[in-house]
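J.: My questions all concern the structure below.
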Amino acid sequence: MKITKICCIGAGYVGGPTMAVIAQKCPHIQVTVVDLNEQRITDWNDPDIDNIPIYEPGLSEIVAEARGRNLFFSTEVEKAIDEAQVIFISVNTPTKTYGKGKGMAADLKYIELCARQIAKVAKQNKIVVEKSTLPVRTAEAIKSILDNTGNGVQFQILSNPEFLAEGTAVTDLLNPDRILIGGDTTSEGEEAIKALVDVYANWVDKEKILTTNVWSSELSKLTANAFLAQRISSINAMSELCEKTGADVNEVARAIGMDSRIGPKFLKASVGFGGSCFQKDILNLVYIAKSYGLNEVADYWEQVIIMNDHQKKRFSSKIVQTLYNTVADKKITFLGWAFKKDTNDTRESAAIYVADDLINEQAKIAVYDPKVSGNKIQSDLNYLETRSIEENKDRVVTFDNAYEACKDAHAIAVLTEWDEFATYDWQRIYDSMHKPAFLFDGRNILDAEKLESIGFIYNGIGS
Ligand code: NAD
Ligand code: UDX
C-alpha cells in the first residue's frame, strides 16, 4: 500500500513537529494535523510564523515550507480521519488524577475517545498508529474498540513511539537514532508495518528502522524513558555524596562517562529532571509492574522518582539554609523556568517546585525566562493549589530582562540551562544585588571560579 494521506490527532509537542517533518520530507503525502483545541490550531495557522504555538529551534522554518503545500492544521477531526489511510494518535496521556490508579496510571480517556471517533468515521480500511506513549498492551484495547464499534472495516494497529526530546525535536526527527515500529505478525500486520517503514524511509536509513511486535514496541518506549531518567537520578544521588565528601560531581561524571560501557551522555547533575514524560512514564511503569504483582520491579523504578523529588527539595532547602535559615521577604531571582533550554514547555519543571517551597518560606520570587510568559508561570503555580491565586501573584513577579530581575536580589537560582545566562555581565549583576550575593547554579552551567572572583558566594550541584 502506498501512503498518500496521513491524519494526526493531536497538534501538541509531538504531533506538530513530527508531522511537520514528515510533510517536509514527503511532499507526495498530504498530512493533516487535527486537534479539538481551536486556539492551538489557530496558532499553528498563524500567518506570522513566529507565533506558532511550540518553540523548537528550526521548527518554524519547516512549518513555513510545508504549511499550505502538503501540511494542514485543522479542527475538522472527522473529515481528516475519513480521508486518511494512516491515522496517528498523538494525544496526551497524562497521569490519572482520579479513581483507580490515581497519581500513577496513564489516563487513557483521550486515547479511547480517538479510537471511538475513528471507529465511527472510518468507511475504508485504515492503519492506526500509536504515537502517544502508552502502557504495554494498549493496542489490545484500541483494537477491541475499533473492531466492536466500527463499520466493519479492517484496522491494523501499529505502535510507533516517539523518541524526540524537546529543545532538539527537529534534529532528533531529522536524524533519529532509530525509528521503532511494532505491529501484528500476520500478513496484514506486516503489510501495514511496511507501509509505515516506507514513509520514514524517505529520509531515514533502512538500518535504523526497527520493527518488532506491538508489545515490545509499546514497552520499549517506557523502558527508554525509565533508563534515561534513572541515569539522572543516579548522578544526582552521587551529587549529594559529592557535596559531603569534597568530590566534584562534574569530575565524577567525566571520569565514569569515559568508560565506553557507561558513555558520556545524560550524566549532568541538576536540580532534578522535569518535562512531561519522565515522571509520568515511570509512574506508569511502576503501576503496570504492581498490577502484575511485581512489587520488587515497581519499587526499583519508583526510587528514580523518589530521588528526583529529593533533589528538588534539597535544592530549595539549601537556598534557605545558606541564606541564614530565612528567606522571608527576600528577593530570590530565578533564571529560567522552562524544564530545559530551547523550549517554552514548563510541564513538571523543577522551577515550579523550588518556587513553591520558597514561597512557603515567604520568599519573593523574581523570574526571568527567555521563552516563558508571566501568565504561564502563574498558572503553573496555581495548578499546585498550595495557596490563593492572589498570593502567588503577590509573591512571584516576572521580568523580561535578566538584569532587572536580578536587581536588589539576595540570591540568584539558575533553574534552566539557557545558553545566554553564561554570556551575561556578571559583575554588573553582582553590583546590583544585596550583599552577600548568593548564586545557586542548579544546572552547573556558570563559571564558578569567575563568579567567586567577582564576590558571589557560589553553590553548584554536587561540588
Ligand atoms: P500535548 O498535550 O502537547 O498535545 C496533545 C494534544 O492532543 C493537545 O493539543 C490536545 O488538545 C489534543 N487532543 C487530546 N484529545 C484529543 C482528541 N480526542 N481529539 C483531538 N485532539 C485531542 O502532548 P504531547 O507532549 O504532544 O504528548 C503527546 C503524547 O506523546 C503523550 O503520550 C506523550 O507521553 C508522548 N511523548 C511526548 C514527548 C514530548 O517530548 N512531549 C516525547 C515523546 C512522546
Ligand atoms: C525525554 C526523552 O529524552 C525523550 O527521548 C522522550 O521522547 C521524551 O522524554 P525531554 O523530556 O523532552 O525528552 O527532554 P530531556 O532532554 O530528556 O530532559 C528531561 C529532563 O532531564 C530535563 O529537565 C533536563 O534538564 C534533565 N536532564 C537531562 C538532566 O538533569 N541531566 C541530564 O544529563 C539530562
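The values are calculated or read from the model by the stated rules, or taken from the named source; none is laboratory data. Note that this is a predicted model, so its numbers are computed, not measured. Here the Cβ positions follow ideal geometry from the backbone for every residue, glycine too, while neighbour counts run over all protein chains shown.
J.: Would you check if there is a residue in the range 131-138 being closer than 23 Å to residue 285 by Cβ, part of a helix (DSSP H, G or I) and more than 9 Å from ligand 1 (Cβ to nearest atom)?
T.: Within the range 131-138 (the criterion being closer than 23 Å to residue 285 by Cβ, part of a helix (DSSP H, G or I) and more than 9 Å from ligand 1 (Cβ to nearest atom)), the answer is yes, since at least one residue qualifies.
J.: Out of the range 1-17, which residues are buried (at least 23 other Cβ atoms within 10 Å of the Cβ) and within 13 Å of ligand 1 (Cβ to nearest atom)?
T.: 7, 8, 9, 10, 11, 13, 14, 15, 16, 17
J.: So which of 165, 192 is small (Gly, Ala, Ser) and not in a loop (DSSP other than H, G, I, E, B)?
T.: 192
J.: What's the number of the condition residue 185 fails, among (1) more than 28 Å from residue 54 (Cα to Cα); (2) in a helix (DSSP H, G or I); (3) out of contact with any strand residue (DSSP E or B) (no Cβ under 8 Å at 6 or more places or on another chain)?
T.: (2)
J.: Any residue at all in the range 42-50 that is farther than 30 Å from residue 286 by Cα, hydroxyl-bearing (Ser, Thr, Tyr), buried (at least 21 other Cβ atoms within 10 Å of the Cβ) and more than 18 Å from the chain's Cα centre (by Cα)?
T.: No, there is no match, as no residue in the range 42-50 is farther than 30 Å from residue 286 by Cα, hydroxyl-bearing (Ser, Thr, Tyr), buried (at least 21 other Cβ atoms within 10 Å of the Cβ) and more than 18 Å from the chain's Cα centre (by Cα).
J.: Here is a further query. What is the one condition in (1) more than 16 Å from ligand 1 (Cβ to nearest atom); (2) surrounded by 16 or more Cβ atoms within 10 Å (Cβ to Cβ); (3) not hydroxyl-bearing (Ser, Thr, Tyr) that residue 264 does not satisfy?
T.: Looking at each condition in turn, residue 264 falls short on (2).
J.: Just name the residue that is surrounded by the most Cβ atoms within 10 Å (Cβ to Cβ) out of those in the range 168-182 that are part of a loop (DSSP other than H, G, I, E, B) and in contact (Cβ under 8 Å) with a residue 12 or more places away in the chain.
T.: 176
J.: Is it the case that residue 72 is modelled with pLDDT of 95 or more, within 16 Å of ligand 2 (Cβ to nearest atom) and either of a type in the set (Asp, Glu) or over 19 Å from residue 166 (Cα atoms) (or both)?
T.: Answer is no for this residue.
J.: Select, from 132, 159, the only residue that is out of contact with any helix residue (DSSP H, G or I) (no Cβ under 6 Å at 6 or more places or on another chain), at pLDDT 95 or above, of a type in the set (Ser, Thr, Tyr) and within 16 Å of residue 14 (Cβ to Cβ).
T.: 132
J.: Out of all the residues in the range 375-433, which are in contact with a Ser or Thr (Cβ under 6 Å, 6 or more places away or on another chain) and within 19 Å of residue 330 (Cα to Cα)?
T.: Residues satisfying the conditions are 405, 406, 407, 409, 412.
J.: It is to be established whether one or more residues within the range 259-268 are over 15 Å from the mean Cα position of the chain (by Cα) and of a type in the set (A, V, I, L, M).
T.: Yes, the range 259-268 has at least one match.
J.: To continue, here is another question. Out of 327, 320, 286, I need the residue that is of a type outside the set (Phe, Trp, Tyr), more than 12 Å from ligand 2 (Cβ to nearest atom), more than 18 Å from the chain's Cα centre (by Cα) and closer than 20 Å to residue 133 by Cβ. Which one?
T.: Just one listed residue meets the conditions, 286.
J.: Mind checking which pairs have a first residue in the range 244-270 that is at positive phi and a second that is within 16 Å of ligand 1 (Cβ to nearest atom) and outside any loop (DSSP other than H, G, I, E, B), Cβ under 7 Å, 6 or more apart or different chains?
T.: 266/228; 266/232
J.: Would you mind finding the one in 95, 138 that is more than 21 Å from residue 214 (Cβ to Cβ) and either out of contact with any helix residue (DSSP H, G or I) (no Cβ under 7 Å at 6 or more places or on another chain) or surrounded by 15 or more Cβ atoms within 10 Å (Cβ to Cβ) (or both)?
T.: Result: 95 is the single residue among 95, 138 that is more than 21 Å from residue 214 (Cβ to Cβ) and either out of contact with any helix residue (DSSP H, G or I) (no Cβ under 7 Å at 6 or more places or on another chain) or surrounded by 15 or more Cβ atoms within 10 Å (Cβ to Cβ) (or both).
J.: Taking the residues in the range 447-463 that are in a loop (DSSP other than H, G, I, E, B) and out of contact with any Phe, Trp or Tyr (no Cβ under 7 Å at 6 or more places or on another chain) as candidates, determine which candidate is surrounded by the most Cβ atoms within 10 Å (Cβ to Cβ).
T.: Applying the filter and picking the extreme gives 461.
Quick grid of which residues meet (1) within 16 Å of ligand 1 (Cβ to nearest atom); (2) touching a Pro at 6+ places or on another chain (Cβ under 7 Å); (3) over 17 Å from residue 374 (Cα atoms):
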position: 323; (1), (2), (3): no, no, yes
position: 328; (1), (2), (3): no, no, yes
position: 334; (1), (2), (3): no, no, no
position: 348; (1), (2), (3): yes, no, no
position: 351; (1), (2), (3): no, no, no
position: 358; (1), (2), (3): no, no, yes
position: 361; (1), (2), (3): no, no, yes
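J.: Suppose we filter 161, 135 for residues that are in contact (Cβ under 8 Å) with a residue 12 or more places away in the chain, touching a Lys or Arg at 6+ places or on another chain (Cβ under 6 Å) and over 15 Å from residue 7 (Cβ atoms); which single one remains?
T.: After applying the criteria, what remains is 161.
J.: What residue, of 324, 287, is modelled with pLDDT of 95 or more, hydroxyl-bearing (Ser, Thr, Tyr) and part of a helix (DSSP H, G or I)?
T.: That would be 287, the only listed residue that is modelled with pLDDT of 95 or more, hydroxyl-bearing (Ser, Thr, Tyr) and part of a helix (DSSP H, G or I).
J.: Can you tell which of 87, 54 is over 25 Å from residue 343 (Cβ atoms), β-branched (Val, Ile, Thr) and within 14 Å of ligand 1 (Cβ to nearest atom)?
T.: 87
J.: Return the residues of the range 100-126 that are more than 27 Å from residue 290 (Cα to Cα) and either among the acidic types (Asp, Glu) or in a helix (DSSP H, G or I) (or both); say none if nothing qualifies.
T.: 114, 116, 117, 118, 119, 120, 121 - these are the residues of the range 100-126 that are more than 27 Å from residue 290 (Cα to Cα) and either among the acidic types (Asp, Glu) or in a helix (DSSP H, G or I) (or both).
J.: Among the residues of the range 98-109, count how many are surrounded by fewer than 17 Cβ atoms within 10 Å (Cβ to Cβ) and either on the phi > 0 side of the Ramachandran plot or touching a residue at least 12 places away in the same chain (Cβ under 8 Å) (or both).
T.: Residues meeting the conditions: 2.
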